[in-house]
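The values are calculated or read from the model by the stated rules, or taken from the named source; none is laboratory data. Not measured: the values here are computed from a predicted model. Quick reminder, even Gly has a Cβ in these numbers, built from the backbone with ideal geometry, and neighbours come from all protein chains shown.
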Amino acid sequence: MKPLLEVKNLFQHFKISRRFTVKAVNGVSFEIYPGETYGLVGESGSGKTTIGRSIIRLYDPTGGEIFFNGSKISGKLDAATNKMLRKNMQMIFQDPMSSLNPRKKISDIIGEGLDIQGLYSDLKQRNEIISEILKKVGLSPAHAERYPQQFSGGQRQRVGIARALVMNPKLIIADECISALDVSVQAQVVNLMKDIQAETKCAYLFIAHDLSMVKYISDRIGVLHKGYLVETGTTEEIFSNPVHPYTKSLLSAVPLTNPVIEKKRKLVSFDASNFNYENQKLRQISGSHFVIGD
Ligand SMILES: Nc1ncnc2c1ncn2[C@@H]1O[C@H](COP(=O)(O)OP(=O)(O)O)[C@@H](O)[C@H]1O
Ligand SMILES: [Mg+2]
């Protein structure tokens with residue numbers, strides 16, 4: 001199967017001043033296959049959001065290339081590729097309050113992409129599409145006439161998902177989309193995302209800073225540290241055989257469901273100051289499992 005998304009040797013450096021540059025992303029490469037979920041994890045400041053934004057073209061990469069469905073989508077794009085991308089790649093944001101315009105009705109928030117791309121023939125069809133999508137995310141068609149502040153955090157995130165989903169995209173980038181929600185609501189939203197994926201076969205780039213939900217939703221995982229991808233493999237491989245010390249320390253912070261084991265759990269600390277990732281390449285240790293050496 002051909003990858004849906006290919007990120008090849010991506011660099012994103014922000015020049016802050018003449019003397020100072022933030023090296024947010026350094027030579028990151030990974031692929032996402034159609035219909036799969038790729039979990040991107042790493043602590044705050046590791047470059048996750050920057051990678052998501054580079055993929056969806058909010059930033060122009062300072063190095064490397066990005067391909068979608070075999071077409072190059074970094075750098076200058078022609079109108080047709082741009083249009084294809086706006087339909088097929090959508091984003092769900094972390095904070096559903098600040099990402100939903102408070103002055104717009106839910107129907108207009110969800111309908112915006114449809115309006116721009118002209119994806120309906122008349123208002124009746126537009127209303128039908130919006131009613132359908134509201135039902136799909138567990139809201140009701142009557143919610144279309146309401147405003148974002150009339151909803152709870154979990155409901156707003158469902159609106160965010162509906163807005164992405166209504167375009168029937170092939171890839172959804174979900175940047176910490178459940179981090180602001182209560183733990184019980186997190187599970188509901190993740191379950192909804194899984195159900196939607198089973199039905200629509202969309203792929204997810206699921207970005208998170210902790211591994212607990214990532215384990216549950218991801219087929220493969222990439223571990224990011226200081227802008228470097230230090231380890232990538234199937235969820236099974238990463239959890240059963242983490243190789244990089246940073247991955248081990250991340251895993252040791254995942255709460256366990258068994259309280260007896262949880263009591264004995266030890267946090268593995270990781271001293272990042274000993275690590276110099278420059279000029280290091282991911283090395284394959286088994287089938288699809290790669291890791292940066294120390
Ligand atoms: N637009 C920007 N300009 C300058 N520095 C930035 C910008 N965006 C992110 N950074 C810096 O890049 C690093 C990675 O940030 P980010 O991608 O937001 O990490 P994460 O999403 O993993 O928390 C941080 O040091 C951050 O301060
Ligand atoms: Mg972020």
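Where strands (runs of 3 or more DSSP E) fall entirely within the range 12-72, those with at least 1 residues that are touching a residue at least 24 places away in the same chain (Cβ under 8 Å), within 14 Å of ligand 2 (Cβ to nearest atom) and closer than 25 Å to residue 179 by Cβ are at 21-32, 37-41. Comparison of 243, 268 shows that the only residue that is within 22 Å of residue 9 (Cα to Cα) and assigned to a loop (DSSP other than H, G, I, E, B) is 243. Considering 64, 75, the condition of being away from ligand 1 (no atom under 13 Å from the Cβ), buried (at least 18 other Cβ atoms within 10 Å of the Cβ) and at positive phi is satisfied by 64 alone.
Taking the criterion of being touching a strand residue (DSSP E or B) at 6+ places or on another chain (Cβ under 6 Å), modelled with pLDDT of 90 or more and surrounded by 21 or more Cβ atoms within 10 Å (Cβ to Cβ), would at least one residue in the range 146-160 satisfy it?
Yes: the range 146-160 contains one or more residues that are touching a strand residue (DSSP E or B) at 6+ places or on another chain (Cβ under 6 Å), modelled with pLDDT of 90 or more and surrounded by 21 or more Cβ atoms within 10 Å (Cβ to Cβ).
When the residues of the range 4-56 are filtered to those that are more than 10 Å from ligand 1 (Cβ to nearest atom) and among the polar types (S, T, N, Q), the one that is nearest to the chain's Cα centre (by Cα) is 37. Per the conditions (1) part of a loop (DSSP other than H, G, I, E, B); (2) under 18 Å from residue 43 (Cα atoms), the sole criterion not satisfied by residue 278 is (2).
Being without any contact (Cβ under 8 Å) to a residue 12 or more places away in the chain and over 17 Å from residue 216 (Cβ atoms) is the filter here, so list the residues in the range 243-273 that pass it.
Hits for the range 243-273 are 259, 260, 261, 262, 263, 264, 271, 273.
For the range 5-26, indicate whether the set of residues that are under 30 Å from residue 154 (Cβ atoms) and hydrophobic (A, V, I, L, M, F, W, C) is non-empty. Yes, the range 5-26 has at least one match.
Checking each residue in the range 135-145 for being at pLDDT 95 or above and surrounded by 16 or more Cβ atoms within 10 Å (Cβ to Cβ) picks out 143, 144. Are any of the residues in the range 151-158 touching a residue at least 40 places away in the same chain (Cβ under 8 Å) and touching a Cys at 6+ places or on another chain (Cβ under 9 Å)? Yes, some residue in the range 151-158 is touching a residue at least 40 places away in the same chain (Cβ under 8 Å) and touching a Cys at 6+ places or on another chain (Cβ under 9 Å).
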